Protein chains: 2
Amino acid sequence: MIPTDTHLQIGSLLFEGLDQIDLTGPFEVLSRVPNSTYRIYGASPEPVRDVRGLRMLPDATLRDAPRLDVLHVPGGHGQEALMRDAAILGWIRDQAAGASHVLSVCTGALLLGAAGLLVGRRATTYWNAVHLLPFFGAEPVDARVVIDRDGEDRTWVFAAGVTAGIDGALRLAAELRGDEAAQGIQLGIQYAPEPPFDSGTPGTAPPAILARARAAAADITARREATARAIAAELGIRVPGGDPR
Amino acid sequence: MIPTDTHLQIGSLLFEGLDQIDLTGPFEVLSRVPNSTYRIYGASPEPVRDVRGLRMLPDATLRDAPRLDVLHVPGGHGQEALMRDAAILGWIRDQAAGASHVLSVCTGALLLGAAGLLVGRRATTYWNAVHLLPFFGAEPVDARVVIDRDGEDRTWVFAAGVTAGIDGALRLAAELRGDEAAQGIQLGIQYAPEPPFDSGTPGTAPPAILARARAAAADITARREATARAIAAELGIRVPGGDPR
């Protein structure tokens with residue numbers, strides 16, 4: 001927990017083709033953290049379109065961001081186009097270096113990986129990308145939210161896919177401002193979920209539905225794998241049985 | 001369930017001061033409904049700002065909307081400013097008349113009420129506004145999602161506050177395209193929530209936290225009550241013990 005009289009700068013990265021709820025889920029929580037400024041940062045001031053078409057605007061550009069205390073990196077298909085983007089990866093690396101807390105949601109974790117920030121971390125990501133974490137030097141953990149602390153007193157919060165960002169952000173809010181603050185936010189957003197089906201993970205979804213989801217994602221998954229292998233080779237990471245080329 | 005070869009027009013209402021996840025939660029689900037077109041409609045083409053500052057753009061204006069099969073009305077503090085807006089209420093009334101399914105999230109239900117659409121309905125809304133439903137002629141139901149069907153074969157899905165829109169939209173997706181389609185969407189968005197606390201409802205939140213939340217919302221609650229009483233009088237609705245003036 002951070003002293004309550006310390007004002008926090010909290011920032012989310014916005015990019016074309018993100019999955020919007022990777023950002024808007026945590027937004028709902030992080031924008032309500034007491035004594036904080038929450039802003040969304042984009043490469044340009046223009047609106048971006050999420051993977052399903054929602055158009056959102058950043059509050060400021062990356063270069064206008066202050067040193068952030070809390071960095072939030074969402075994911076979504078558009079993450080793949082940024083895995084070689086030196087400006088974005090450099091911004092992530094610089095901001096993570098100065099932050100006390102870093103939150104990734106879904107395949108936002110792969111962006112942290114491409115920035116070289118996952119080496120030695122325990123982490124998670126979208127269920128269909130968890131197998132890629134070792135290519136970035138991370139140990140995959142089968143949990144909806146994984147909290148890891150590094151030797152520099154920095155806290156890493158990794159949320160699994162998409163809607164897991166809400167759970168991750170609430171955990172983060174508790175890290176920042178204590179359990180009562182997080183509970184107040186939870187009541188404010190009436191977060192007492194009742195999923196109508198038990199189909200939210202590969203282990204619980206009906207097998208035919210899982211097979212269809214994997215097939216529908218085959219293209220993006222193959223591209224992510226190829227990128228992860230190339231980055232592993234550059235980082236000098238040996239993946240057990242992974243044969244990075 | 002609607003025949004799978006019937007293309008569906010699904011639309012969300014966007015307005016200044018909405019609570020963004022009332023829209024973006026259902027967006028995540030509704031934008032993935034098979035054989036459908038999903039669009040966001042605003043009074044103007046300009047961006048709007050949600051209650052915490054997120055800027056979003058509509059896809060089209062209200063007047064450009066086709067007849068919708070599925071109408072989605074979000075809530076949030078900004079709803080209060082629309083309770084006397086004849087253009088918005090008229091659009092809601094017209095679209096609801098032509099729709100087969102109507103979804104409200106949070107205090108979006110009060111907009112349906114102001115449009116005269118809640119008379120005789122079983123409904124729900126944000127926990128801090130449930131007591132207002134009788135002023136609009138509705139019977140409040142203590143559930144996260146309430147499904148009501150009217151005599152014209154129209155299905156009404158009422159989601160409670162804020163994040164309940166995700167649960168409501170999944171229920172709606174199942175109504176539209178069957179359980180398997182909804183389960184596929186649920187897996188796609190990895191919706192297997194794990195709230196870190198049990199503090200998402202007035203019945204589960206610690207009493208001190210509930211008291212603080214009620215106090216913080218006292219102003220908007222008072223304004224909503226005054227509006228609800230006035231509308232009840234206009235609609236000729238007698239509220240038991242409510243003494244509408």
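No value in this document is a laboratory result; all are computed from the given coordinates. Because the structure is predicted, anything quoted here is derived from the model rather than measured. Glycine gets a Cβ as well: all are built from the backbone with ideal geometry, and neighbour counts include every protein chain shown.
Taking neighbour Cβ counts within 10 Å as the exposure measure, how do A:Ile10, A:Ile220, B:Ile88 sort from fewest upward?
Listed from fewest to most nearby Cβ atoms, that is A:Ile220, B:Ile88, A:Ile10.
What's the magnitude of the charge dipole for the protein assembly as shown around its Cα centre, counting Lys and Arg as +1 and Asp and Glu as -1 at the beta-carbon? Answer in Debye, nearest 20.
The calculated dipole for the protein assembly as shown is roughly 280 debye.
Taking only Cα atoms and a 10 Å spring cutoff, compute GNM fluctuations for chain A and point out the largest among A:His101, A:His131, A:His77.
A:His131
Can you list, shortest first in nanometers, how far B:Asp64 lies from the same residue in the other copies, with each label 7 Å from Cα toward Cβ?
2.6
Compute the whole-percent fraction of alpha carbon pairs in the protein assembly as shown spaced more than 42 Å apart.
Tail of P(r) above 42 Å: 15 percent of Cα pairs.
Using only DSSP helix segments of four residues or longer, with each worth -39500 (n - 2.57), what per-residue ellipticity at 222 nm results for chain A after dividing by its residue count and rounding to 500?
-10500 deg cm²/dmol
Ranking B:Met83, B:Met1, B:Met56 by Cβ neighbours within 10 Å, fewest first, what do you get?
Taking fewest neighbouring Cβ atoms as first place, the list is B:Met1, B:Met83, B:Met56.
How many angstrom lie between the C-alpha centres of the stretch B:13-63 and the stretch A:1-78?
18
GNM, chain A, Cα, under 10 Å: largest mean-square fluctuation among A:Asp19, A:Asp150, A:Asp85?
Largest GNM mean-square fluctuation: A:Asp150.
How large is log10 of I(q)/I(0) for chain A at q = 0.13 Å⁻¹ when the intensity is taken from the Debye formula with one equal scatterer per alpha-carbon?
-0.77
Tell me which residues come under 5 Å, amide H to amide H, from A:Leu103 once H is placed; ignore anything under 5 positions away on its chain.
Residues meeting the criterion, in which the H sits 1.01 Å from N, are A:Leu71, A:His72, A:Val73, A:Val157.
Quick one: net charge of A:Pro202's neighbours, Cβ under 15 Å, K/R +1, D/E -1?
Net charge around A:Pro202: +1.
Using alpha-carbon positions, what is the distance between the centroids of the stretch A:90-158 and the stretch A:169-190, in Å?
21
Along the stretch B:57-73, what does the Karplus equation 6.51 cos²θ - 1.76 cosθ + 1.60 (θ = phi - 60°) give for ³J(HN,Hα), rounded to whole Hz, x for Gly and Pro?
Coupling constants for the stretch B:57-73: 10, x, 7, 6, 8, 3, 5, 8, 6, x, 5, 8, 7, 10, 10, 10, 10 Hz.
Sequence-distant or interchain residues sharing an amide H contact under 5 Å with B:Thr37, placed H: which?
Under 5 Å from the amide H of B:Thr37: B:Leu8, B:Gln9, B:Ile10.
How big is the stretch A:119-230 on each of its three principal axes, counting only the C-alpha atoms and giving the largest first in Å?
Each principal axis gives a Cα extent; for the stretch A:119-230 these are 42, 41, 18 Å.
Once you list every other residue whose beta carbon is under 13 Å from the beta carbon of B:Asp150, what net charge do they have if Lys and Arg are +1 and Asp and Glu are -1?
+1
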